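Remarks on the structure that follows.
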Amino acid sequence: MIRVLIVDDSLFIRTILRDLLKDSPDIEVVGTAVNGIDALEKISGLKPDVITLDIEMPRMGGLEVLEALRNENAKPKVLVLSTLTSRQADMTHRALRLGADDFMLKPKDVPNVRGIERELVQKIRNLVAFPTIVKPTAVRQQAADAIVVIGSSAGGPPMLDTLLSALPPDLPAAVVVTQHMPEGFTASLAERLNRVSPLPVKETGNGESLQAGAVLIAKAGFHSVISGVASGSGSVHGRIIHSTAPRLHAVRPAVDTTFTSAAHVFGPRTVSVLLSGMGNDGGEGTLAVKAAGGTTMVCAEEDCLVYGMARSALARNCVDKVVPLGRLAREIARAVSRFEVNHV
């Protein structure tokens, strides 16, 4: 049983979160707190495994709670709840640097609040299930000659925990993840994923080269375009170009942009994967990967919160495999290993 303490100054949010968690057989809400002072007292007495933590509260806010917990040995996992503002994006990143374990965006209205139940529950479970991975301080990498591109939207972040944590640390391909997310929050997403993945994870930088065995999270506000770079040996490697071209499918970054440009540069040495997401983004990109001779996968519907993106690819008859979430990392590694055999 995972013991959860809800910390938020809003009675509405406290009530909603308790209501969303009450039907999960492995989660017990052991209490609520209205500010940081109240939270520290209840953490000491109730010994929760996980706390959901609001950042801005009267008397003592979430950042001060994290400061107070920094030197505690037996402290709970912390899931920060953020609103969609640039100020909160900065504070969320600070929260992760202060020891928060993950974050989640608060919906703006009641119908959307009710829609986060599955993601909330999965994030809480993941906090307990996935340990923090300490990586070597110096990691030797080389330019990638193969790429894995992953697209996701609503419901995607907890799936990325599961997928990236299971990839082999010596994966001989670059990984680029396009997750629909408001501007300012993808740096925090990369920070979170870097803790649970054996591969190094960071947000994309403009002009950054693609390295084998490393994961890049597309920076929100820009399309991440894969551009080819000729090497001295005559082979072609890739780099990230940030583009401010108009939004595609009403989003930027768009999965289609990254998938299509990756297929253009890496051709048959491209693996594409679609996870949970609403809308059609990813369908055309998956078709482009298939047309270039690459390998295309989508996650099984039962593992997705929303199936629009995957369904868009399936409707184009360009998907090689429909794979349960728990087997996706293995299938990706298998597909990339075939590139190595063919290369030899």
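Please treat every number below as a calculation from the coordinates, not as lab data. Owing to the predicted nature of the structure, the values given are computational and were not obtained by experimental measurement. Heads up, the Cβs are rebuilt from the backbone with ideal geometry, glycines too, and the neighbour counts pull from every protein chain shown.
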Of all DSSP beta bridges located in the stretch 147-343, what percent are antiparallel, nearest 5? 30 percent
May I ask you to list the trypsin sites (Lys or Arg not before Pro) in the stretch 47-92 that are in a DSSP loop and have at most 12 other Cβ atoms within 10 Å of their Cβ? Arg59, Arg70
Excluding same-chain pairs closer than 8 in sequence, count the lysine pairs in the chain whose Cα atoms lie under 13 Å apart. 6
From the square roots a ≥ b ≥ c of the eigenvalues of the alpha-carbon gyration tensor of the stretch 2-129, which class results: rounded (a/c under 1.5), prolate (a/b over b/c), or oblate? rounded
When Lys135, Lys123 are ranked with the fewest other C-beta atoms within 10 Å first, the list becomes Lys135, Lys123
Starting with the fewest neighbours, write out Asp281, Asp161, Asp320 ranked by other beta-carbon atoms found within 10 Å of each beta-carbon. Asp320, Asp161, Asp281
Need one number: the % of Cα-Cα pairs in the stretch 87-193 sitting beyond the 21 Å mark. 44 percent
Under a plain spin-label model, where a point goes 7 Å from the Cα along Cα-to-Cβ, how far apart in nm are Ala250 and Arg18? 3.5 nm
In terms of the alpha carbon gyration tensor, root eigenvalues a ≥ b ≥ c, rounded if a/c is under 1.5 and otherwise prolate when a/b exceeds b/c or oblate, the stretch 147-343 is rounded
Taking the Cβ of each residue in Ser197, Ser152 as the centre, tally the other Cβ atoms inside 10 Å and list the residues starting with the fewest. Ser197, Ser152
For the stretch 165-175, take each phi angle, set θ = phi - 60°, evaluate the Karplus expression 6.51 cos²θ - 1.76 cosθ + 1.60, and give the result in whole Hz per residue in order, putting x for glycine and proline. 5, 9, 6, x, x, 9, 4, x, 7, 7, 10
Stretch Asp170-Glu41 to full length: gain in nm at 0.36 nm per residue minus the Cα-Cα span? 42.0 nm
The chain: antiparallel bridges as % of DSSP beta bridges, rounded to 5, reads 20 percent
With only alpha-carbon pairs counted, each pair once and no self-pairs, how large is the Kirkwood hydrodynamic radius of the stretch 159-216 in angstroms? 11.6 Å
At a Förster distance of 25 Å, what's the computed FRET efficiency of Asn73 paired with Met1, Cβ-Cβ distance as r, to 0.05? 0.70
For the chain, what is the mean residue ellipticity at 222 nm derived from helices alone (per DSSP H run of n ≥ 4: -39500 (n - 2.57); sum divided by total residues; nearest 500 deg cm²/dmol)? -11500 deg cm²/dmol
Please state the shape class of the stretch 226-344: rounded when a/c is under 1.5, otherwise prolate if a/b exceeds b/c and oblate if not, all from the C-alpha gyration tensor. oblate
What list of ³J(HN,Hα) values in whole Hz, one per residue of the stretch 147-157 in order, does the Karplus curve 6.51 cos²θ - 1.76 cosθ + 1.60 (θ = phi - 60°) give from phi, with Gly and Pro shown as x? 9, 10, 10, 10, x, 7, 9, 4, x, x, x
What FRET efficiency comes out for Ala315 versus Arg97 if R0 is 41 angstrom and r is the Cβ-Cβ distance? Round to the nearest 0.05. 0.45
Given (1) -0.44, -1.02, -1.48; (2) -0.38, -0.96, -1.34; (3) -0.51, -0.98, -1.29 as candidate values of log10 I(q)/I(0) by the Debye sum over Cα atoms at q = 0.08, 0.13, 0.16 Å⁻¹, which corresponds to the one derived from the coordinates? (2)
Principal-axis tilt of helix 325-343 within the chain, Cα atoms, nearest 10 degrees: 30 degrees
